Amino acid sequence: MNDYIKDSKDNLVDFYSRTPIVPVRGRDHWVWDVNGRKYLDLMSGIAVTSFGHSNKKIARAVKKQLDTLQHMSNLFILKDQAMLSKMIQDKAFKGKCFFCNSGAEANESALKMARIWGNAKKSGKNRVLALHNSFHGRTIATITLTGQDKYRKGFDPLLPAVDYVELNNTADLEAKFNSDVCAIFLEAVQAEGGILPLSHDFVAKIRELALKHNSLVIFDEVQCGIGRTGKYFGYQHFNIEPDIITMAKALGNGFPIGAALVKDHVADIMKPGMHASTFGGNLLATAAAMAALSQLDMKMLSHINSVSSTFKKALEAYSAANPGIITGVRAAGLLIGIDLDASISVADVISGMTARGILVIRAGTNVLRLVPPFTVTAREVDIFMKAFTETVEALKKVNTVKGGVK
Ligand SMILES: *Cc1c(COP(=O)(O)O)cnc(C)c1O
């Protein structure tokens, strides 16, 4: 076990603070480490394995493709890509897909298409708006779109002509929106940012200004999409239809694939050679994504919403009985944010939960984030609540958590 930890320190660039657990096997929402210890996974590889670990249907589809044809270039017609595009359109809107390999690449492609589209409309129509506290990926272009300094520090110079609007501040939006804006990037719920949803008023104002100034509305559905928030896509919580949505994470349930779904009025001005990706929409990834999406239906959405409300009720009941620990709960389907009081550190809670065999992550500044596979049930809510209660009680004994012994 120690060897794995040392080996990874010695041989991998230190971009992650890695939890010293070595997972080797998974099934649904359970994961086993190299020592045979079992964990309840409430983070899904950060919103990726939504359809459960080792999903059988996906495994079967990828194995079949592996034995048939592993790779051919996008310079040929890869016959399943159009079918996958239609499956995505069926859950969103009519348009055309560009396939790539990750969320950042999907956003990068959306940005490139928005610039091509805007520059063709009028000279200088290439400004882009994004929101403060957003997250859109880790390439130079997508950290520029990401309105959080911690992801951008040290990487200057970033992209020009990007401006940031405060979340849900319609006055700030109006001040920064003009006819030079080619596109605005949004997340239905800022996920990395702390599980913060757009307000209906703000979205209404975006729709109005985008119409007035002829600008594209782009929803980054990389985390919110594919059922995560209890709708097929996060934008469907609002009265708006975007021009472009981007997705990745759960689309292949862990097999790398990203996509941008683009309305025809934008897609139809793209020309061969403007953009490309060697692996984008490759046969294996497409097979995985079709098998994943074929499992996402209204029944699954209703299960997601039902477990979501079980989580929310349990957390609110805990909060009422134990004042001073949880200061807010926001649940959008199975994307759940638990605001912790300043006296309790999310890092300590995560360590305590991990020690009790439950994998969770953070978001924002002091928010505990739950992003479980859609296979979880009310039973896993109980397991979580029990471990959370124990974790908080243990922390009270050793530090300054309210109600605890100093
Ligand atoms: C994870 C994420 C991305 C980046 O996706 P990668 O696949 O890591 O490049 C972009 N946007 C949002 C909203 C995300 O959650």
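The values are calculated or read from the model by the stated rules, or taken from the named source; none is laboratory data. Everything numeric here is computed off the predicted structure, so don't read it as measured data. A quick note on method: Cβ atoms are made from the backbone with ideal geometry, for glycine too, and the neighbour counts reach across all protein chains shown. Surface areas here come from the heavy atoms of the whole protein model, side chains and all, with no ligands, DNA or RNA. Shrake-Rupley method; radii C 1.70, N 1.55, O 1.52, S 1.80 Å.
Taking the stated definitions as given, is residue 234 over 17 Å from residue 84 (Cα atoms), within 16 Å of the ligand (Cβ to nearest atom) and of a type in the set (Gly, Ala, Ser)? Against the criterion (over 17 Å from residue 84 (Cα atoms), within 16 Å of the ligand (Cβ to nearest atom) and of a type in the set (Gly, Ala, Ser)), residue 234 qualifies. Of all residue pairs spaced 6 or more apart or on separate chains, those with beta-carbon atoms under 8 Å, a first member in the stretch 129-143 that is over 26 Å from residue 174 (Cβ atoms) and a second member that is among the hydrophobic types (A, V, I, L, M, F, W, C) and within 7 Å of the ligand (Cβ to nearest atom) are 137/104; 137/222; 138/104; 139/104. Exactly one residue out of 86, 91, 79 is surrounded by fewer than 17 Cβ atoms within 10 Å (Cβ to Cβ), at pLDDT 95 or above and more than 16 Å from the ligand (Cβ to nearest atom): that is 86. Of everything in the stretch 243-263 that's closer than 16 Å to residue 182 by Cα and open to solvent by 10 Å² or more (accessible area, probe 1.4 Å), which residue is nearest to the ligand (Cβ to nearest atom)? Out of the qualifying residues, it is 243.
Looking only at residues of the stretch 34-58 that are of a type outside the set (Val, Ile, Thr) and over 30 Å from residue 135 (Cα atoms), we find that the one that is least open to solvent (accessible area, probe 1.4 Å) is 36. For the stretch 155-191, a residue qualifies if it is away from the ligand (no atom under 12 Å from the Cβ) and touching a Ser or Thr at 6+ places or on another chain (Cβ under 7 Å), and the qualifying residues are 158, 159, 162, 168, 181, 182, 183, 184. Residue pairs whose Cβ atoms lie under 7 Å apart, sitting 6 or more positions apart in sequence or on different chains, and linking a residue in the stretch 98-119 that is closer than 17 Å to residue 48 by Cα to a partner that is near the ligand (Cβ under 8 Å from one of its atoms) and of a type in the set (A, V, I, L, M, F, W, C), are 100/106; 102/248; 103/222; 103/248; 106/222; 106/248. Considering each residue of the stretch 181-194 in turn, at least one proves to be modelled with pLDDT of 95 or more, on the phi > 0 side of the Ramachandran plot and either open to solvent by less than 50 Å² (accessible area, probe 1.4 Å) or among the acidic types (Asp, Glu) (or both).
Taking the stretch 355-403 as the range and being over 30 Å from residue 295 (Cα atoms) and open to solvent by less than 30 Å² (accessible area, probe 1.4 Å) as the test, the residues that pass are 364, 367, 387, 388, 391, 392, 395, 401.
Tallying residues that are under 17 Å from residue 190 (Cα atoms) and outside any loop (DSSP other than H, G, I, E, B) within the stretch 340-381 yields 7. The listed residues are 123, 102, 73, and the only one of them that is touching a Pro at 6+ places or on another chain (Cβ under 9 Å) and either of a type in the set (Gly, Ala, Ser) or away from the ligand (no atom under 16 Å from the Cβ) (or both) turns out to be 102. Each residue in the stretch 129-154 was checked for being in a loop (DSSP other than H, G, I, E, B), surrounded by 15 or more Cβ atoms within 10 Å (Cβ to Cβ) and either modelled with pLDDT under 95 or more than 11 Å from the ligand (Cβ to nearest atom) (or both), and 2 of them qualify.
No other residue among 209, 301, 296 is part of a loop (DSSP other than H, G, I, E, B), at pLDDT 95 or above and either within 16 Å of the ligand (Cβ to nearest atom) or not acidic (Asp, Glu) (or both) apart from 296.
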